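Enquirer: Okay, here's the structure, questions in a sec.
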Amino acid sequence: LADVAAEAARGSAALHPELQVRVTLPAGTRVRADAGRLRQVLANLLSNAARAGAHSAEIAGGPSAGHVDVTVRDDGPGIAAEVRDHLFEPFVSGHEGGIGLGLAVSQGIVQRHGGTISLVGAEGPGATFRIRLPRRDT
């Protein structure tokens, strides 16, 4: 998982050099997921942070009771209240000019892997998304 997150951070640095991404995931943490699809989800969240005007983001988390929690937290303006309840629906976007498919696609990917993705702590500046995936012990 840490390697996949690091790859997403490197990709973000190439596309969005204004966004500084820190990865703080324990080495060796494994999840039951397709690495390419998980990288796509993380890249989408980082891209959204950059387009919202965030300057920094962190991918963090670790294992817990049969699953792994991963948070992607940024210091951008946060999610507008009128968008929060519909954030994962297709064609709903909090960005001007946004298509509104990234989070819907990301949710589908995470759910197909037996996990969940949600916005947490919606109040205040910044946005924090939590991805919960089944843990793989071997």
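Enquirer: Of Arg22, Arg112, Arg32, which has the largest mean-square fluctuation in a 10 Å C-alpha GNM of the chain?
Expert: Looking only at Arg22, Arg112, Arg32, the largest GNM fluctuation is found for Arg112.
Enquirer: Please report, for the Cα atoms of the stretch 20-81, the Rg to one decimal and the Dmax as a whole number; what are they, in angstrom?
Expert: Rg and Dmax of the stretch 20-81, Cα atoms, are 12.7, 37 Å.
Enquirer: Could you tell me how many cubic angstrom of Cα convex hull volume the stretch 49-119 has per residue?
Expert: 95
Enquirer: Run the dipole for the stretch 3-124 about the Cα centre, Lys and Arg Cβ at +1, Asp and Glu Cβ at -1, nothing else charged, and hand back the magnitude in debye, nearest 20.
Expert: In total the dipole reaches around 460 debye.
Enquirer: At 0.36 nm per residue, and after removing the present C-alpha to C-alpha distance, how many nm does the segment from Leu101 to Ala27 gain when stretched out fully?
Expert: Length gained, Leu101 through Ala27: 23.5 nm.
Enquirer: Shifting gears a bit: Within the chain, what whole-number % of the accessible surface is contributed by carbon and sulfur, with the 1.4 Å probe and all protein chains included in the calculation?
Expert: Values: 3720 of 7250 Å².
In the chain, the share of accessible area belonging to carbon and sulfur is 51 percent.
Enquirer: Something else: Across the chain, how large is the tail of the calculated P(r) beyond 19 Å, expressed as a percent of all Cα pairs?
Expert: 46
Enquirer: List the GluC sites (Glu not before Pro) within the stretch 70-138 that DSSP assigns to loop and that have no more than 13 neighbouring Cβ atoms inside 10 Å.
Expert: Glu96, Glu123
Enquirer: Related question: With a probe of 1.4 Å, find how much accessible area the chain has per residue, and write the answer as a whole number in Å².
Expert: Counting only protein heavy atoms, the per-residue value for the chain is 53 Å².
The values are calculated or read from the model by the stated rules, or taken from the named source; none is laboratory data. Owing to the predicted nature of the structure, the values given are computational and were not obtained by experimental measurement. Cβ sites come from the backbone with ideal geometry, for glycine too, and all protein chains shown count toward neighbours. Note: accessible area is taken over every heavy atom of the protein model, side chains too, but ligands, DNA and RNA are not part of it. Shrake-Rupley method; radii C 1.70, N 1.55, O 1.52, S 1.80 Å.
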